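The values are calculated or read from the model by the stated rules, or taken from the named source; none is laboratory data. For clarity, every value in this text was computed on a predicted model and none was experimentally measured. No Cβ is skipped: glycine too gets one built from the backbone with ideal geometry, and neighbour counts run over all protein chains shown. Just so you know, the surface numbers come from the protein's heavy atoms only, side chains and all, with ligands and any DNA or RNA stripped out. Shrake-Rupley method; radii C 1.70, N 1.55, O 1.52, S 1.80 Å.
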Amino acid sequence: MSKTVRAHLALIAANLIYGVNYGSAKQVMPDFVSPFALVFARISGACILFWALSLLLPKETIDRKDILRLLIATVFGVAVNQSLS
C-alpha cells in the first residue's frame, strides 16, 4: 500500500473518530458523565494509546530543551482545549 493511500486512510479514520466522538459526547453529557470526566477519559485513553504505540515503534530521542515545549504544548493543545470546548 502506498504512502498516499495510507495517509488518506488515516485521515478518513481520524474524521470518523471525530464525528462519532462528537455525537456520543452529546448523548452522555451531562446526564451520565460530567464534561470534565469525559475530558479526563479522552486524555487518559490517548495517553494509554500513545504509550502502547511507543513500545512498538522505533525509539526517538528528544532534546532536553524541547521537553518543556512539549509539556506546554500538551497542556494547552489537549487539556485546556478540551476543557474549554
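Among all helices in the chain defined by DSSP H, which have a length of 27 Å or more along the axis from Cα atoms plus a Kyte-Doolittle mean of at least 1.0?
35-56
Which sequence of R64, R42 reflects their accessible areas, 1.4 Å probe, from the largest down?
Order by accessible area, largest first: R64, R42.
When the chain is fully extended, how far beyond the present Cα-Cα distance does S34 get from I17, taking 0.36 nm per residue of separation?
Using 0.36 nm per residue and subtracting the Cα-Cα distance, I get 4.1 nm.
Can you tell me the FRET efficiency between Q82 and V5 if r is taken as the Cβ-Cβ distance and R0 is 30 Å, rounded to the nearest 0.05?
In this case the efficiency is close to 0.45.
Got a number for carbon plus sulfur as a percent of the chain's accessible area, 1.4 Å probe?
The nonpolar share, carbon plus sulfur, comes to 71 percent.
Enter the accessible area of F40 (Å², nearest 10), with the probe set to 1.4 Å and all protein chains included.
140 Å²
With n ≥ 4 as the cut-off for DSSP H runs, can you work out [θ] at 222 nm for the chain, using -39500 (n - 2.57) per run divided by the number of residues, rounded to the nearest 500?
About -24500 deg cm²/dmol.
Would you mind getting the accessible area per residue of the chain, heavy atoms of the protein chains only, 1.4 Å probe, in Å²?
It amounts to 91 Å² per residue over the chain.
Which order do you get for I48, I72 if you rank them by accessible area with a 1.4 Å probe, largest at the top?
Ranking I48, I72 by accessible area, largest first, yields I48, I72.
Mind giving me the nanometre distance, one decimal, between the label points for R64 and A41, set 7 Å out from Cα along Cα→Cβ?
4.1 nm
I'd like the distance separating the alpha-carbon centroids of the stretch 3-20 and the stretch 21-85, in whole Å.
So the two Cα centres are separated by 18 Å.
Once a ≥ b ≥ c are taken as the square roots of the eigenvalues of the Cα gyration tensor of the stretch 1-61, is the result rounded (a/c under 1.5), prolate (a/b larger than b/c) or oblate (a/b not larger than b/c)?
Because a/c hits 1.5 or more and a/b fails to exceed b/c, the stretch 1-61 counts as oblate.
Starting from the 7 Å offset along Cα-to-Cβ, what nm value, one decimal, do you get for the label separation of S24 and L49?
My value for the distance between the label points is 1.0 nm.
Which order do you get for V39, V75 if you rank them by accessible area with a 1.4 Å probe, largest at the top?
Output order, biggest surface exposure first: V75, V39.
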